[in-house]
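Here's the structure we're looking at; comments come further down.
The values are calculated or read from the model by the stated rules, or taken from the named source; none is laboratory data. Being a predicted model, the structure only gives us computed values, none of them experimental. Note that each Cβ is placed from the backbone with ideal geometry, even for glycine, and that neighbours are counted across all protein chains shown.
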Amino acid sequence: MSTVHPVILVVNAGSSSVKVSIYVVPESAHHNVDIQPELAAHGQIEGIGVAPRLTARMADGRVVADEQFPVEQVADHDAAFRLIRLTLSVGLRDTPPVAVGHRVVHGGADFADAVAIDDPVIARLEALVPLAPLHQPHNLTAIRAVRAAVPELLQVACFDTAFHAGHDPLAQLMALPYEYYERGIRRYGFHGLSYAYIARRLRQVAPDLAAGRVIVAHLGNGASLCAMREGRSVESTMGLTALDGMPMGTRCGNIDPGAVLWLAAQGMEADAIQAMLYGQSGLKGISGISSDMRVLLASNDPRAVLAVNFYAYRAAQEIGKLAVTLGGLDALVFTAGIGADSAEVRTRICAYLDGLFGVRLDAQANAANTQRVSRDDSRVPVLVLPTDEEGMIALSTARILRERGGL
Ligand code: ADP
């Protein structure tokens with residue numbers, strides 16, 4: 001009879017999607033913190049409340065579901081979560097999980113690492129909802145759904161902020177009256193699960209570079225950049241919330257706070273301003289066409305062109321800023337949907353970086369999204385490394401499970 005390996009569930013609940021991945025913890029990982037649990041299956045529902053679509057596949061690529069549902073059938077995150085679990089359990093003969101790892105966007109000043117979830121932790125995460133209004137409530141819904149179904153099951157919160165927890169006060173300050181800083185109104189930084197994964201991956205593929213001054217550009221629907229020294233985050237372009245920094249699919253990135261005051265003075269309510277800054281700005285707001293980079297790159301509409309140009313310009317500016325913090329640059333890494341897959345966007349960003357940093361892309365390698373996309377004579381090597389936030393959650397969850405004697 002074959003051994004049944006422990007199973008970890010990884011849940012990533014976004015604003016209109018729920019993604020569930022099932023990881024198997026191999027025997028070798030029971031005592032070794034560096035061994036990555038293996039992905040067995042992944043399911044997701046996108047378009048919750050609008051046009052729910054379920055897709056699920058096993059790690060070998062076998063598709064076990066690809067189905068559109070009526071809105072009423074998957075009206076909320078709870079329903080989505082149950083449907084994915086049901087779908088995946090068929091393929092896995094329903095081995096019950098030994099732990100669930102959740103992506104939690106905001107850990108505030110309280111959490112510098114992943115943590116086992118209990119009532120006090122939930123209360124602290126609730127208090128951070130206003131700082132991540134689009135994500136945190138859904139992260140908490142998923143946690144509560146699992147708690148209600150299997151109260152004794154270990155749940156672990158893995159934070160997008162935690163990787164940045166060691167930042168110097170200079171990187172955390174905003175020049176408001178100091179009492180606000182003391183009350184937690186600071187620049188935290190996000191996408192930390194992605195950056196933690198990339199730091200780990202870079203140590204594996206290029207340890208010499210990982211030991212130096214590295215900028216990682218996580219360019220997905222959300223986008224930020226992180227400055228790392230010796231694999232640790234020292235600065236992020238994102239701040240108190242995931243709105244700051246460079247423009248994104250629908251989020252504005254850095255803007256003059258005076259613009260917000262102007263909107264308020266026009267009589268726009270706080271909720272409407274929030275909806276605009278998070279959902280109607282960025283690439284979508286400028287182009288008026290789409291938040292999807294592929295659509296914009298394929299368009300010759302002048303505003304689509306402007307949106308892409310502005311995106312590349314701002315990303316390059318942020319790289320300059322982070323290089324100042326690092327006192328130089330030893331490697332540049334691109335990751336996430338746009339970063340890892342769009343040769344065109346990398347080309348446009350790097351076009352700004354030749355003069356200052358001597359960055360030169362190899363056109364052929366870049367077009368093929370290979371691991372090293374810079375020429376040999378590029379002063380700064382440029383790498384493309386796909387990210388794996390869920391793998392990182394599985395790794396942290398396995399570590400906490402092991403610490404608690406669960407492996
Ligand atoms: P999320 O932040 O939701 O995880 P992703 O990391 O998958 O999102 O990034 C989504 C973005 O990546 C979209 O704007 C999409 O258009 C873009 N993208 C994916 N593949 C390509 C590609 N080949 N060229 C340009 N953009 C791409």
Inset, instruction - Could you run through the range 11-40 and say how many residues are within 29 Å of Ala242 (Cα to Cα), more than 16 Å from the ligand (Cβ to nearest atom) and surrounded by 19 or more Cβ atoms within 10 Å (Cβ to Cβ)? - result: 3
Legend entry - Close pairs from the range 290-301: first under 20 Å from Arg251 (Cβ atoms), partner assigned to a loop (DSSP other than H, G, I, E, B) and more than 8 Å from the ligand (Cβ to nearest atom), Cβ under 9 Å, at least 6 apart: Ser290/Ser299; Ser291/Met248; Ser291/Thr250; Val295/Ile289; Leu296/Ile289; Leu296/Ser290
Inset, instruction - Name the residue, out of Asp160, Asp168, Asp208, that is modelled with pLDDT of 95 or more, within 22 Å of Thr325 (Cα to Cα), under 19 Å from the mean Cα position of the chain (by Cα) and of a type outside the set (S, T, N, Q). - result: Asp160
Inset, instruction - Out of the residues in the range 270-288 that are of a type in the set (A, V, I, L, M, F, W, C) and away from the ligand (no atom under 12 Å from the Cβ), state the one that is surrounded by the most Cβ atoms within 10 Å (Cβ to Cβ). - result: Leu277
Legend entry - Those residues of the range 304-344 which are more than 16 Å from the ligand (Cβ to nearest atom) and of a type in the set (D, E, K, R), in sequence order: Glu318, Lys321, Asp330
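Condition (residue is of a type in the set (Val, Ile, Thr) and at pLDDT 95 or above) applied to the range 140-147: is it met by at least one residue?
Checking the range 140-147: not a single residue is of a type in the set (Val, Ile, Thr) and at pLDDT 95 or above.
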Inset, instruction - Inspect all residues belonging to the range 254-273 and state whether any of them is touching a Ser or Thr at 6+ places or on another chain (Cβ under 9 Å) and within 21 Å of Tyr313 (Cα to Cα). - result: yes
Inset, instruction - Starting from the range 244-255, keep only residues that are part of a loop (DSSP other than H, G, I, E, B), then list their pairs with residues that are within 11 Å of the ligand (Cβ to nearest atom) and of a type in the set (Asp, Glu) whose Cβ atoms are within a distance under 8 Å, requiring at least 6 positions of separation or different chains. - result: Gly249/Asp292
Legend entry - Residue check for Ser236: within 14 Å of the ligand (Cβ to nearest atom) and surrounded by 14 or more Cβ atoms within 10 Å (Cβ to Cβ): no
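Residue by residue, here is whether (1) surrounded by fewer than 19 Cβ atoms within 10 Å (Cβ to Cβ); (2) among the charged types (D, E, K, R); (3) at pLDDT below 95 holds:
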{"site": "Arg303", "(1), (2), (3)": "yes, yes, no"}
{"site": "Ala315", "(1), (2), (3)": "no, no, no"}
{"site": "Ile338", "(1), (2), (3)": "no, no, no"}
{"site": "Ala365", "(1), (2), (3)": "yes, no, no"}
{"site": "Arg375", "(1), (2), (3)": "yes, yes, no"}
{"site": "Arg379", "(1), (2), (3)": "yes, yes, no"}
{"site": "Met392", "(1), (2), (3)": "no, no, no"}
Legend entry - Residues that are more than 15 Å from the ligand (Cβ to nearest atom) and closer than 25 Å to Ala312 by Cβ, drawn from the range 192-205: Ala199, Arg201, Leu202
Legend entry - Pairs with Cβ under 7 Å, 6+ apart, first in the range 142-162 and more than 19 Å from Arg404 (Cα to Cα), second in a helix (DSSP H, G or I) and at pLDDT below 95: Ala142/His77; Ala142/Phe81; Ala145/Asp78; Ala145/Phe81
Legend entry - Search result, residues across the range 366-407 that are out of contact with any helix residue (DSSP H, G or I) (no Cβ under 9 Å at 6 or more places or on another chain), outside any loop (DSSP other than H, G, I, E, B) and free of Cβ contacts under 8 Å to residues at least 60 places away in the same chain: Glu403
Legend entry - Of all residues in the range 197-234 being part of a strand (DSSP E or B) and among the polar types (S, T, N, Q), the one that is farthest from Thr250 (Cα to Cα): Ser233
Legend entry - Inter-residue pairs, beta-carbon under 6 Å, first farther than 15 Å from Ser378 by Cβ and in the range 206-223, second among the hydroxyl-bearing types (Ser, Thr, Tyr) and within 12 Å of the ligand (Cβ to nearest atom), 6+ apart: His218/Ser194; His218/Ser224; His218/Thr335
Legend entry - Meets criteria (closer than 30 Å to Gln371 by Cβ, within 16 Å of the chain's Cα centre (by Cα) and within 16 Å of the ligand (Cβ to nearest atom)) for Gly245: yes
